[in-house]
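Got a structure here, written out as structure tokens. Questions coming.
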Amino acid sequence: MNTLFDKIWDAHVVQKVEDGPTQLYIDRLYCHEVTSPQAFDELRSRGIGCLRPDKIFCMPDHNIPTKNQDKPIEDEVSRKQVDALTKNAAQFGLSYWGMKHPNNGIIHVVGPEQGLTLPGMTIVCGDSHTSTHGAMGAIAFGIGTSEVGMVMASQCILQQKPKAMRISVEGKLGKGVTAKDVALYIMSQMTTSGATGYFVEYAGEAIRSLSMESRLTLCNLSIEMGARGGMVAPDEVTFEYIKGRPYAPKGEEWEKAVAYWRTLKSDTDAVFDKEYTFRAEDIEPRITYGTNPGMGIGITESIPTADTIDEAGRASFLKSLDYMGFTAGEKLTGHHIDYVFVGSCTNGRIEDFRAFAQIVKGRKKADNVTAWIVPGSWSVARQIEAEGIDKVLAEAGFEIREPGCSACLAMNEDKVPAGKYCVSTSNRNFEGRQGPGSHTILASPYVAAAAAVTGVITDPRELL
Amino acid sequence: MKKEKFNILTDSCIPLPLENIDTDQIVPARFLKATTREGFGDFLFRDWRFDKEGNKIESFVMNNPKYSGRILVAGKNFGCGSSREHAAWAIADYGFRVVVSSFFADIHKNNELNNFVLPVVVSEEFLKELFASIEQNPATQVTVDLPQQTITNNATGKSEQFEINGYKKHCLMNGLDDIDFLLSNKDKIEAWEAKNN
């Protein structure tokens, strides 16, 4: 009567600390440049190395520019942070895929596509969107820098075992409705703290029908409702995706691995601390109107009115609308926009660029829109070219940039100016997230494409 | 990092009665490029404290001389969003030793504990009353007693128990961190590996 989560967790318990957390063995530690330098310093100050360097993979992604990657990074502070990771990886003997390396990209896009992320693993990274990797049937969660140091030093982490939640989405998704819309819908129902303290397993017909890329998008956003992580039980879709990837098991090892992975599912009598079921038919293409990802509506709906918000949350709600320049009760279709961003660890995979191309094909970018189209990795960039998506986009007036985190979080050159509206396929619409004073509207690649060609917020179903 | 031991603290508070304060507000991403842990106090709530020109925004509570103290009191779901530990470094570096809220985001809560800042989870009623006490008298004092696991609003005398596991409590009271513990358990790690590889 174990859940999928229990099975993987239990297999990695080194010990349960008395009246304290569990010491959990970690199979993979991913490191990027922002949250690792102080962890390496911690090891240096103690005069120790990484206990298991072969289980640690490093790559810069947050700071790297999405143009001219063949030249040194212009911003000195960004360059220093990336250089620090280059040096630290070399000094501690870790795998490192730097800027321009054919395997480089956003760490949460690269892990699965290289076959580094596998079912049954425990995976951590100093990044909250580590929840992405759970889509492969792994326990994956974001940690702080002190914890990164902990894992480097001991290949273990001390964690309280989270509670178990299952979220089922039954039925079939409608036209123009993607995993991003499913996640934004679930978040709006659960709020940004509704799953805090829980690890979520996604289940149900609508989830089973999702491609691997879509499952990665869904699990990526688990953290936005507070969950420690989210996961999907591995199945044929998962195995098909992994097979033949560079770091995936091969030959006899492959057969053995798949046999084990097939056991990774919740028992039929498994008990969850909380269960929710949603209906796929209730979900339409979605957008956010506020300053946290839970503040979302269906694209044809209106922003809620203040009297529908509970008293404790009303001040935050009104502050949020004031920041965004929106009015309670207002509809957003037809509202002008200035920027469109397609990319990030949420929607920077091949399927996202196919979706974007599907709508912009034969149309033209609106003159008032600046668009940043940013593949999540070099591998995705190569696939875009191989499929001719770059040509479709070029004809429509869009240019494809070089891979990186880009406009998701204003740590590199791609920043949305104050007061401007950006329809973004990224994960957070917090105040200033895409640049001081920027206004972010989170949405799927379809909604982004519809906005990019019309210049206003548009229901993508009208263009599909 | 200063591993400052924690026992009993009585001090006044800085109130932030907003829900869902995310770590992008606590420290905006553009300040995450440092490669050391020091000096993050300057960036704490940067875009709420200072305008674009770097002038203080007088209406923000941290710029109001009536409010001071080493206890930050915030609305529900404090520290949601990004895992950046820089948020906890900023809170610690600014001088806070305790953050009180009715609910914390998981990763941020761990980050505070790992930096010897004590997150105290209180009931919604306690929080509401505490905000009211502070509004009435900004000098309102709160006592946080880690050994007894109690928090007291000294204006009303209202007291509550708070949760912390015995292991972490021991760490905070004795200035020990998790790496110290894990390094002392290397034999168990190797035994696990021998069994599983």
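Filter the cross-link list B:Lys56/B:Lys168; B:Lys3/B:Lys33; A:Lys172/A:Lys274 down to pairs whose alpha-carbon distance in this structure exceeds 31 Å.
B:Lys56/B:Lys168
How large is ³J(HN,Hα) for each residue in region B:33-50, as worked out from phi by the Karplus curve 6.51 cos²θ - 1.76 cosθ + 1.60 (θ = phi - 60°), to whole Hz, x for Gly and Pro?
Per-residue couplings from phi come out as 8, 5, 10, 10, 8, 7, x, 6, x, 4, 9, 4, 6, 3, 7, 9, 7, 10 Hz.
Please work out the Cα center distance from region A:336-372 to region A:98-112, rounded to the nearest Å.
21
Also: Could you give the length gained by full extension between A:Tyr247 and A:Ala394, i.e. 0.36 nm per residue of separation minus their alpha carbon distance, to one decimal place? Before the final figure, lay out the partial values.
On the way: separation 147, 0.36 × 147 = 52.92 nm, distance 3.37 nm.
Extra length from A:Tyr247 to A:Ala394 when fully extended: 49.6 nm.
Within region B:43-109, report the trypsin sites (Lys or Arg not before Pro) that DSSP leaves as loop and that have at most 15 other Cβ atoms within 10 Å.
B:Lys52, B:Lys66
Taking GluC sites (Glu not before Pro) as candidate sites, keep only those in a DSSP loop with at most 11 other Cβ atoms within 10 Å, then name the longest stretch of chain B containing none of them.
B:59-162
At a 1.4 Å probe radius, carbon and sulfur cover how many percent of the accessible area of chain B? Present the calculation step by step, with values, prior to reporting the outcome.
Values: 3880 of 8170 Å².
That fraction is 47 percent.
Can you list the equivalent-ellipsoid semi-axes of chain A, largest first and in whole Å, using the square root of 5 times each Cα gyration tensor eigenvalue?
For chain A, the ellipsoid semi-axes come out as 33, 27, 22 Å.
Scan around B:Val120 for amide H atoms under 5 Å from its own, H built in the peptide plane at 1.01 Å from N, and keep only partners 5 or more places away or cross-chain.
Under 5 Å from the amide H of B:Val120 lie the amide H atoms of B:Val99, B:Val100, B:Ser101, each far enough along the sequence or on another chain.
Related question: Report, in listed order, any pair from A:Lys80/B:Lys109; A:Lys319/B:Lys128; A:Lys319/B:Lys109; A:Lys80/A:Lys100; A:Lys256/B:Lys186; B:Lys5/B:Lys76 with a Cα-Cα distance greater than 23 Å. Intermediate results must be reported in sequence, preceding the final value.
On the way: A:Lys80/B:Lys109 29 Å; A:Lys319/B:Lys128 19 Å; A:Lys319/B:Lys109 25 Å; A:Lys80/A:Lys100 17 Å; A:Lys256/B:Lys186 30 Å; B:Lys5/B:Lys76 27 Å.
Where the Cα-Cα span goes over 23 Å, the pairs concerned are A:Lys80/B:Lys109; A:Lys319/B:Lys109; A:Lys256/B:Lys186; B:Lys5/B:Lys76.
Averaged over every viewing direction, what's the projected area of the C-alpha convex hull for region A:90-242? Give it in nm², one decimal, please.
Averaged projected hull area, Cα only: 10.1 nm².
Okay, next question. Report, in debye and to the nearest 20, how large the dipole of the protein assembly as shown comes out about its Cα centre when Lys and Arg carry +1 and Asp and Glu carry -1 on their Cβ.
820
Given H placed 1.01 Å from N in the peptide plane, which residues other than close sequence neighbours of A:Ser168 have an amide H under 5 Å from its amide H?
Answer set, sorted by chain and number: A:Ala203, A:Tyr276, A:Thr277, A:Phe278.
Between beta-carbons, use under 12 Å as the cut-off and find the net charge around A:Asp338, counting Lys and Arg +1, Asp and Glu -1.
Net charge around A:Asp338: 0.
In addition: So what's the back-of-envelope 222 nm ellipticity for chain B, counting only DSSP H runs of four-plus at -39500 (n - 2.57) apiece and dividing by all residues, rounded to 500?
Roughly -9000 deg cm²/dmol at 222 nm, from the helical runs in chain B.
I want the local charge near A:Pro37. Using Cβ-Cβ distances under 11 Å, sum +1 for each Lys or Arg and -1 for each Asp or Glu among the other residues.
With Lys, Arg at +1 and Asp, Glu at -1, the neighbours total +1.
Can you tell me how much longer the chain between A:Asn368 and A:Arg354 gets when fully stretched, taken as 0.36 nm per residue apart minus their C-alpha distance, in nm with one decimal? Intermediate results must be reported in sequence, preceding the final value.
Numbers: separation 14, 0.36 × 14 = 5.04 nm, distance 2.32 nm.
Stretched fully, the A:Asn368-A:Arg354 segment lengthens by 2.7 nm.
Another question, if that's okay. Go through region A:58-74 residue by residue and turn each phi into a ³J(HN,Hα) via Karplus (6.51, -1.76, 1.60, θ = phi - 60°); whole Hz please, and just put x for glycine and proline.
For region A:58-74, the Karplus-derived couplings read 10, 7, x, 8, 5, 8, 7, x, 9, 9, 6, 5, 6, 9, x, 5, 5 Hz, x marking Gly and Pro.
Considering every pair of different Cα atoms, what Kirkwood radius, in Å, is found for region B:43-123?
Details: mean 1/r = 0.0755 Å⁻¹.
Kirkwood radius, region B:43-123: 13.2 Å.
Once fully extended, how much extra length lies between A:Lys80 and A:Ala11, figured as 0.36 nm per residue of separation less the alpha-carbon to alpha-carbon distance?
Contour length minus the Cα-Cα distance gives 20.9 nm.
Residues of B:22-32, mean number of Cβ from any other protein chain within 10 Å of their own Cβ, rounded to a whole number?
Partner Cβ neighbours, averaged per residue: 6.
If you filter region A:393-429 for GluC sites (Glu not before Pro), then keep DSSP loop positions with at most 13 other Cβ within 10 Å, what is left?
A:Glu399
Please give the FRET efficiency for A:Lys361 paired with A:Ser45, using the beta carbon to beta carbon distance and R0 = 60 Å, rounded to the nearest 0.05.
That pair, A:Lys361 with A:Ser45, gives E of 0.60.
Compute the distance in nm between two label points, each set 7 Å from the Cα along the Cα-to-Cβ direction, one at A:Gln160 and one at A:Lys87.
Label at A:Gln160, label at A:Lys87, 3.9 nm between them.
Counting each DSSP H run of 4 or more residues in chain A as -39500 (n - 2.57), what helix-only mean residue ellipticity at 222 nm follows after dividing by all residues, to the nearest 500 deg cm²/dmol?
-9000 deg cm²/dmol
Just the number, please: Stokes-Einstein D of region B:80-197 in µm²/s, Kirkwood Rh from C-alpha pairs, 20 °C, 1.002 mPa s.
132
Quick one: Debye curve from the C-alpha atoms of region A:27-70, no solvent, what's log10 I(q)/I(0) at q = 0.28 Å⁻¹?
So the normalised log intensities work out to -1.06.
Specify the inter-centroid distance of region A:128-188 and region A:380-444, based on alpha-carbon positions, in whole Å.
Cα centroid to Cα centroid, the span is 23 Å.
Further question on the same structure: FRET efficiency for B:Glu53 and B:Glu4, Cβ-Cβ distance as r, R0 = 41 Å, nearest 0.05?
Working: r = 35 Å, r/R0 = 0.85.
That gives a FRET efficiency of 0.70.
I've got another one for you. What residues of region A:287-316 lie in the reach of a label at A:Tyr276, counting those whose backbone N is under 14 Å from a point 7 Å from the Cα along Cα→Cβ?
Only A:293-297 fall inside the zone, counting backbone N under 14 Å.
Using a simple spin-label model with points 7 Å from Cα along the Cα→Cβ vector, what separation in nm is obtained for B:Asn64 and B:Lys158?
Between B:Asn64 and B:Lys158, the label points sit 1.9 nm apart.
With a cut-off of at most 13 other beta carbons within 10 Å, and DSSP calling the residue loop, which GluC sites (Glu not before Pro) in region A:1-80 qualify? Please list them.
Values: sites: A:Glu18, A:Glu33, A:Glu42, A:Glu74, A:Glu76; in loops: A:Glu18, A:Glu33, A:Glu74.
Filter output for region A:1-80: A:Glu18, A:Glu74.
If you don't mind, another one. So for region A:310-356, Kirkwood radius off the Cα pairs, Stokes-Einstein at 37 °C and 0.692 mPa s: how many µm² s⁻¹?
In µm²/s, the coefficient is 239.
Express the Stokes-Einstein translational diffusion coefficient of chain B in µm² s⁻¹, to the nearest whole number, given a Kirkwood radius over alpha-carbon pairs, 4 °C and a viscosity of 1.567 mPa s.
73
Moving to a separate point now. If you take each beta carbon of peptide A:310-320 and count the beta carbons of other chains within 10 angstrom, what is the mean? Please list the in-between numbers first.
Details: counts 1, 1, 9, 6, 1, 4, 8, 2, 0, 2, 2.
Counting Cβ atoms of other protein chains within 10 Å of each residue's Cβ and averaging gives 3.
Given a cut-off of 15 Å, what percent of all Cα-Cα pairs of region A:243-340 lie beyond it?
Details: 3574 of 4753 pairs.
The calculated P(r) of region A:243-340 puts 75 percent of pairs beyond 15 Å.
With just the Cα atoms defining each centre, how far is region A:294-312 from region B:18-68? Give it in Å.
28
Put +1 on the Cβ of every Lys and Arg and -1 on every Asp and Glu Cβ in region A:309-409; which of A:Ile350, A:Leu321, A:Gly388 then has its Cα farthest towards the positive end of the dipole?
My answer, from the dipole projection, is A:Gly388.
Then there is this: May I ask you to evaluate 6.51 cos²θ - 1.76 cosθ + 1.60, the Karplus curve with θ = phi - 60°, for each residue of region A:35-47 and list the ³J(HN,Hα) values in order in whole Hz, giving x for glycine and proline?
Taking θ as phi minus 60°, the curve returns 10, 10, x, 6, 6, 4, 4, 4, 5, 4, 5, 9, x Hz for region A:35-47.
The values are calculated or read from the model by the stated rules, or taken from the named source; none is laboratory data. These numbers come from a predicted model, not from an experiment. Cβ: placed from backbone, ideal geometry, glycine included. Neighbour counts: every protein chain shown. Surface areas here come from the heavy atoms of the whole protein model, side chains and all, with no ligands, DNA or RNA. Shrake-Rupley method; radii C 1.70, N 1.55, O 1.52, S 1.80 Å.
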